[in-house]
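The numbers here are math on the coordinates, done by the rules we state, and not lab data. Bear in mind that the values here come from a model prediction, so they are computed numbers and not experimental data. Cβ atoms come from the backbone with ideal geometry, glycine included; neighbour counts cover every protein chain shown.
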Amino acid sequence: MTLFHFGNCFALAYFPYLIVYKNSKLSEYSSFWPCVKAGGVYLLTQLCKMIILATFFPTYEVPLGKIDLHGELMKGAVELFDLIGLFVIISQQIGRGDLKILVAGVGWAMAELISMRLLPLWVGARGIEFSWKYIQLSFEANISLAHHIIMAMLIWMWTRNNIEKSVLPLIISLLLLCSSKQTLLELLGTLFHFSSFGILSINVMVTLLVGLVATHLYINLCIHDNSWGNPKYL
Amino acid sequence: MLETLNDFTRSLGSVWGLFSILVVCAPAALAVHEFTAYRMNQYTLTGSDYGCKSNMVNFEARAVNANIVTRRCVLMSMGEISVDRMKELIENKAGSILIAIPEDPSSLTKDEIENWNEVEEVLMEQAIDTSVYFTYQKPELMSIYHEVRTALNSDHAATAAAALGNVFHSNGYQIVTYGAAPAPAKSSLYTIQGKMLSQGRETNPSIAIVAHFDSYGIAPHLAKSANGNGSGVAALLEIARLLSKLYSKSGNTPKYDVLFLLSSGGKLNYLASKTWLEKKLSSDSLETVLLNEVEFVLCLDGIGKDGLNLHVSKQPKEGTAAHKMLTAIEEAVALLNPNISVNTVPKKVNLGNPLFAWHHEIFTVKRLSAATISNFPAHNSLGRLNTFDTSVDVDKLYTHTHIIAEGIARYISDLSDKSVTILDDYLVPNRALLSRTVEFLSSTQRAATLLQRDSPVILHLEQTLSKYASEVMVSELKASKRDPEFQFYDQSETKLFAYNVKPAVFDLFLAIAVIAYLGTVYLCVKSIPHAMTYLYQMKKLKSS
């Protein structure tokens, strides 16, 4: 397609990030560098994940259309490192809870966007061949932003010591769902031959659902934690 | 310790490997369709350009009945081709024309082939700027072809909404080739000659048997030319085999030497034969002597189908060599197969036309007595230049070869007895050999524009002729650098890529959709704090 098409995809992928940054406490507290640092942690985490995958988990030649369940499980397990990375960012960050969540979520998602999506977009969306996949890729970047903010929110709640013990299992299971979401979606594609648009819409619905539950828990926590006051976090 | 370090570096290497593979392969694994396509002939002959001058393709695919074809690549199938349509496309400056031809030519009807012949001749009459390619009807290509056709039909959508839906739903294709512009290629024509000398006397008269062996079609790679002139070459080799047996028979003293000449450039004004002849006539070698003694030149051009015609420049008169040959062949027909009639077709050499009509004319203008035997009733019969000339009638070829061989044998042995054949029961053409030769020739690349000295066809012909004749020689005629009489061009075969594209207006709609979406996102992000506060207050009220 043309540069115009690339521009469309780029706008679709990046502008929501800009909107979120500009219209939240992030710009108010000039949290640009903390976000960059969060991105650095993201890159380090990915490197660790790759090293671990390459060292400990051998890859098998998998025939097309079949899945290597063992390998997929391993990959899913490695995804848990993301949680550790996000935890590190949140615990290192000084400041209010809502700001911590935003810095970790937006910084992380931004780093992922730049490292994983920019190059395929630049090469693919400008190429002659048209494919819906670049528009999907750009839209996925938006889901990813919400996804990482929700994940950071869940981790932050987990680290609070005044949280009710009864909701901890719920938080942990949501975190597990979040970190294995990508693997599960890929499995849906290979096992049940979902179309890419189908997977995308499932992705949106799952993220929305987890987001609603997480927000609910967050508000409950704010009510519980009277000293903190206004939960206006964005 | 060292091992762990090694392991670590290795794993780092694999990490980067993985990373780079991810980065490089992700965009490379596109569903691009790729086809091998054959460009229409392009050559320069006696100062004029013929065929398709361009090889450029970087156009959007259109069906043949599209409203606009200018700077588009028109996809056509065999059935849609007609002379008027091709002319119209070229006049409307179509960027390129891609014609899908069936892989199995036997599925074509007679009408389709006749129609095609006409188109072929009209297209090759002059030079055209539109690049014309041919490709086989592969399922992948046909699916693109059908999509392009239906996309055209949906231009006339009933409602605006349907039209809008089509913009998003329909697929366009960009057809691209990355080949460099066609450049002059190494251009050579070849002649293969061999002699069969009669024993005893030194200065015998001789006759020459001539056939051109190259193929010709609208695209050099597609040309099979089984009948014209695979059949002639097969017959010539068979005649050489029979005569060599006749000559080696003890007690036989044929009074003639025989010269065999196979040349390329048969449809390129018989340039190889012409130049070869001019060279022989001007030099003082032994061949000159032999040639000066040539009584008659017999050219074979397409004898694998129904009909037997002797093309001459003027009606042979009693006492001439041509008349003698005609009589000999008529006698042979009477003896072998009386159902066949040989027609003599006189046609004056048109000196005003730089292109010769028949092979024998180049000998006639040098004052040699010559004739061409062909199943075509006239030089401009349709089908002489035919890409789908893929088969011969082996029975007909056998009969014709037998008749011609017997005729030549009668000519050279001056037999007056009209009731006995010279080629007896053991000296008959080999049907299997004939059909194998034709098969080999039609399945081997042998367009004049693609031939090299070491091409299989030339090597094979040289080797086969050496078995029967002596002094077999291959001579190469190179196009002169300064003022070439002929010039070939490369890029006759290329890879075409079909990329899936959307109409330009698609991106416009996409941009509008993206802007609307971003606006929604902006409103959502703006309203989230309010929503949160509202929820917070609601819950607090409830809990307190």
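Some values worked out for this structure:
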{"item": "Model label zone, B:Asp306; criterion: amide N under 19 Å from point 7 Å along Cα-to-beta-carbon; scope the stretch B:209-232", "result": "B:227-228"}
{"item": "Lysines whose Cα lies under 24 Å from that of B:Lys93, excluding same-chain neighbours fewer than 8 positions away", "result": "B:Lys53, B:Lys495, B:Lys502"}
{"item": "Angle in degrees between helix B:160-169 and the longest Cα principal axis of chain B, rounded to the nearest 10", "result": "70"}
{"item": "Those residues of the stretch B:61-79 whose amide nitrogen sits under 12 Å from the label point placed on B:Glu88, 7 Å along Cα→Cβ", "result": "B:64-69"}
{"item": "Helix A:97-112 vs. chain A, principal-axis angle (Cα, 0 to 90°, nearest 10)", "result": "10"}
{"item": "About the Cα centre, charge dipole magnitude for chain B (Lys/Arg +1, Asp/Glu -1 at Cβ), debye", "result": "1380"}
{"item": "In the stretch A:3-228, lysine pairs closer than 21 Å at Cα, eight or more apart or cross-chain", "result": "12"}
{"item": "Stretchable slack from B:Asn337 to B:Glu103, in nm (0.36 nm times residue separation minus alpha-carbon distance)", "result": "80.5 nm"}
{"item": "Sorted by Cβ neighbour density within 10 Å, fewest at the top, the residues B:Arg39, B:Arg72", "result": "B:Arg72, B:Arg39"}
{"item": "P(r) weight above 51 Å for the protein assembly as shown, C-alpha pairs, percent", "result": "43"}
{"item": "For peptides B:469-481, B:371-383, sequence by mean Cβ density within 10 Å, most packed first", "result": "B:371-383, B:469-481"}
{"item": "Two-decimal ratio, the stretch A:3-228, of alpha-carbon radius of gyration to 2.2 N^0.38 Å", "result": "1.06"}
{"item": "Average partner coverage of A:124-132, which counts Cβ from other chains inside 10 Å", "result": "6"}
{"item": "Residues whose placed amide H lies under 5 Å from that of B:Ala447, excluding near-sequence neighbours", "result": "B:Ser215"}
{"item": "Rg and Dmax [Cα atoms of the stretch B:40-198; Å; Rg one decimal, Dmax integer]", "result": "19.5, 87"}
{"item": "Per-residue HN-Hα couplings for the stretch B:95-108 [Karplus 6.51, -1.76, 1.60; θ = phi - 60°; Hz; x = Gly/Pro]", "result": "x, 7, 10, 10, 10, 8, 10, x, 5, 10, x, 6, 6, 7"}
{"item": "C-alpha long axis of helix A:32-56 to longest principal axis of chain A, angle in °", "result": "50"}
{"item": "Shape parameters for chain B, alpha-carbon atoms, Rg then Dmax in Å", "result": "33.0, 135"}
{"item": "Residues B:Ser54, B:Ser419 arranged by fewest to most Cβ contacts within 10 Å", "result": "B:Ser419, B:Ser54"}
{"item": "Förster radius 22 Å - calculated FRET efficiency between B:Thr520 and A:Lys37, Cβ distance, rounded to 0.05", "result": "0.10"}
{"item": "Percent antiparallel among DSSP beta bridges (both partners in the protein assembly as shown, rounded to 5)", "result": "50"}
{"item": "Antiparallel bridge percentage (DSSP; both residues within the stretch B:188-478; nearest 5)", "result": "40"}
{"item": "Spin-label pair B:Lys110/B:Lys478, simplified geometry with 7 Å Cα→Cβ offset, distance in nm", "result": "4.9"}
{"item": "Neighbour cut-off at most 16 other Cβ (10 Å), DSSP loop, trypsin sites (Lys or Arg not before Pro), the stretch B:216-276", "result": "B:Lys249, B:Lys255"}
{"item": "Simple spin-label estimate for B:Ala162 and A:Val88 in nanometres, 7 Å along Cα-Cβ", "result": "6.0"}
{"item": "Förster radius 41 Å - calculated FRET efficiency between B:Asn353 and A:Thr190, Cβ distance, rounded to 0.05", "result": "0.05"}
{"item": "Antiparallel bridges, percent of DSSP beta bridges restricted to chain B (to nearest 5)", "result": "50"}
{"item": "Charge-dipole axis of chain B as Lys and Arg at +1 and Asp and Glu at -1 on Cβ define it, positive-most pick from B:Ala332, B:Val122, B:Tyr133", "result": "B:Tyr133"}
{"item": "Exposure proxy order (Cβ contacts within 10 Å, fewest to most) of B:Glu103, A:Glu112", "result": "B:Glu103, A:Glu112"}
{"item": "Prolate/oblate/rounded label for the stretch B:188-478 (Cα gyration tensor, a/c 1.5)", "result": "rounded"}
{"item": "Electrostatic dipole magnitude of chain A [Cβ: Lys, Arg +1; Asp, Glu -1; Cα centre; debye, to 20]", "result": "460"}
{"item": "The stretch A:118-132-the stretch B:413-459 distance, computed between alpha-carbon centres (Å)", "result": "58"}
{"item": "Net +/- balance of residues flanking B:Ile340 in space, Cβ distance below 15 Å, scoring K and R +1, D and E -1", "result": "-4"}
{"item": "Charge context of B:Glu60, other residues only, Cβ under 12 angstrom, K/R +1, D/E -1", "result": "+4"}
{"item": "Spatially proximal aspartates and glutamates relative to B:Lys255 (Cα-Cα < 20 Å; intrachain offsets below 8 disregarded)", "result": "B:Glu202, B:Glu287, B:Glu293, B:Glu295, B:Glu331, B:Glu406, B:Asp414, B:Asp417, B:Asp424, B:Glu471"}
{"item": "Residues in the stretch A:181-222 reached by a label modelled at B:Ser543 [backbone nitrogen below 19 Å; 7 Å Cα→Cβ]", "result": "A:212-222"}
{"item": "Helical contribution to [θ] at 222 nm, DSSP H n ≥ 4, -39,500 (n - 2.57), averaged over chain B, rounded to 500", "result": "-13000 deg cm²/dmol"}
{"item": "Inter-label distance for A:Thr2 and A:Asn162, nm, one decimal - labels placed 7 Å from Cα along Cα-to-Cβ", "result": "5.8"}
{"item": "Counted charge near B:Leu427, where neighbours are those whose Cβ lies closer than 12 Å (Asp, Glu -1; Lys, Arg +1)", "result": "-1"}
